[in-house]
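Shown next, in structure tokens, is the structure this report addresses.
No lab work stands behind these numbers, since they all come straight from the coordinates. Quantities reported herein were computed from a predicted structural model and do not represent experimental measurements. No Cβ is skipped: glycine too gets one built from the backbone with ideal geometry, and neighbour counts run over all protein chains shown.
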Amino acid sequence: MEIFTLLETLEEIIENSKKMPFTNKVMIEQEDLLDIIKEIRLKLPEDLKQAKWVSEERDRILEEAKKEADDVVKEAENRIIAMIDEHEITKKAYEQKNQIMEAANENSRQITQGAKEYADNILAQLEKSLEDTLKEIRQDRKELK
């Protein structure tokens, strides 16, 4: 990610700057730091676009899982309608329908849970990355002041 490269550049500038005698402060070219901060701001929207994509992908996966579950239920219902003619077949069909519906519901729950966990993990990583970046920027700004 280019943002991390830019942050590393900020660190290098700070580490390699002239130190003020008898203090913890350094002298830094303001224009250099402002240019890097501008570049970071320009790169951030890409990370935000990626977060939006992750959210949309999660919604798509959830919708796909719901559709798949609906298809399985419809298939089970169609099988049951076809078997209604005989009593024994009907009994077995009801049992099979219940098994298929339970399997479909469980499959749907697992897919939904997996999609939510995946999206949450991606968003958590992005949130951590953005928080770390913001923390470093705030620290750098504080040091600049």
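In whole percent, what relative contact order does the chain give with Cα contacts below 8 Å and a gap of six or more residues? List each step's numbers first, then the result.
Working: 75 pairs, mean separation 38.8, N = 145.
This gives 27 percent for the chain.
What residue among Glu75, Glu64, Glu127 has the largest mean-square fluctuation in a Gaussian network model of the chain, using Cα springs under 10 Å?
Looking only at Glu75, Glu64, Glu127, the biggest GNM fluctuation is shown by Glu75.
Taking amide H atoms as placed 1.01 Å from N in the peptide plane, list the residues 5 or more away in sequence, or in a different chain, whose amide H sits under 5 Å from that of Val26.
Hits under the 5 Å cutoff: Met20.
Determine the calculated [θ] at 222 nm for the chain from helices alone, applying -39500 (n - 2.57) to every DSSP H run no shorter than 4 residues and normalising by the residue count; nearest 500 deg cm²/dmol. If you can, show how the numbers build up before the last one.
Values: 3 runs with 126 residues, N = 145.
Result for the chain: -32000 deg cm²/dmol, rounded to the nearest 500.
Using 7 Å Cα-to-Cβ label points, what is the Asp71/Glu46 separation (nm, one decimal)?
3.6
Near Lys91, which lysines are there with a Cα under 19 Å away, not counting those fewer than 8 places off in the same chain?
The qualifying lysines are Lys74.
Translational D (Stokes-Einstein, µm²/s) of the chain at 25 °C and 0.890 mPa s when Rh comes from the Kirkwood sum over C-alpha pairs?
Numbers: Rh = 20.0 Å.
Value of D from the Cα-based Kirkwood radius: 123 µm²/s.
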